[in-house]
């Protein structure tokens, strides 16, 4: 206070006392009402306890007293926020790990393809130029028909698909895209990345021929078939991880011929007479192409012609499906298919005595299909017996 000199003002403190100031009265014993009250600096100030408001201790370390510590009500929200952050980080870490593991599994399956084959990017570029993506062969137990650089006239280079493309096209084989099932296969609808619609036939690996040379020869036959009345093969993929082979065909939108038989009058599915004639002619052209010898295409017997194997496109043109498929399948699967053909009346009578399929076998089955189209009936065996 002495340093203030003339600047010291005490008008609002009439009871103030002290020493060294002419304007203040000298303190006496009566002024010490509260012994713990802070005193002015003087000879009696030593040893006297002073009360300092807690609000004055703004930054006291917690070892000293008084030390303001957060209350339980303040610590509660902090603990909750900390727990939420830890749980969120754990969930994010788990999801990231699962995605990484899944991606690693995909990469490991793709890395098993020999280096001398085209990479996925190279394959896509090649397929866009030639209008036909696809073929990647991966078999369990080391079976790989395309090993040792064999390509059978280069067909393996122009037909390549990988499993990721097949899964993406079918939305991971969603039931919503399932078109049909048989005792050895399932067919799905899908879309390639360029927007084109495809049909993917999934066949169990155990239903395919195990001999790599025979399998590749049959696959080469399928790849060589190109006709306006045959369903075109886009490519092939086989995944040992799933134990399945996939045939990728052009998608034909209007279903098979069976859906246009046994239809009541007045229904929009009833075929006009001119359309029926056009369908019969188209089937005949497709069969004639199969039976004929073409450049890089041998004569071929279908062996399983039926109304179910005739599909209709958006212009109501007929296309034969599964042409040459028997060249990929085991004998047991082929014989099982014959039972269905025999039950529907498509199997030629001479097969029971010769045990061989010929061009005449296809012609007989074609005659049954023609009868079905003309009558508009699925079951024509009873009509034949009546006739």
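The numbers here are math on the coordinates, done by the rules we state, and not lab data. Computed from a predicted structure; not experimentally measured. Neighbour counts run over all protein chains shown; Cβ positions are idealised from the backbone, glycine included.
Distance between Cα centroids, segment 203-240 to segment 300-319: provide it in whole Å.
18
Please order 354, 330 by the number of other Cβ within 10 Å, starting at the fewest.
354, 330
Once you have a ≥ b ≥ c as the square roots of the Cα gyration tensor eigenvalues for segment 254-387, tell me rounded if a/c is under 1.5, and otherwise prolate or oblate according to whether a/b is larger than b/c.
oblate
Work out the FRET efficiency for residue 370 and residue 94 from their Cβ-Cβ distance, taking R0 = 51 Å, and round it to the nearest 0.05. Can you show the working numbers first?
Details: r = 62 Å, r/R0 = 1.22.
Taking R0 as 51 Å, the efficiency between residue 370 and residue 94 is 0.25.
Want the number for residue 330 to residue 83: 0.36 nm per residue separation, take away the alpha-carbon distance, what's left?
Separation in residues times 0.36 nm, less the Cα-Cα distance, equals 82.9 nm.
If you stretched the chain out fully between residue 26 and residue 178, how much longer would it get, using 0.36 nm times the residue separation minus the C-alpha to C-alpha distance?
Working: separation 152, 0.36 × 152 = 54.72 nm, distance 10.76 nm.
Contour length minus Cα-Cα distance gives 44.0 nm.
Tell me, what is the FRET efficiency for residue 164 and residue 273 to the nearest 0.05, using R0 = 56 angstrom and their Cβ-Cβ distance as r? Present the calculation step by step, with values, prior to reporting the outcome.
Values: r = 47 Å, r/R0 = 0.85.
Once the sixth-power term is evaluated, E becomes 0.75.
Calculated FRET efficiency, residue 294 and residue 339, Cβ-Cβ r, R0 35 Å, to nearest 0.05?
According to the calculation, E is roughly 0.65.
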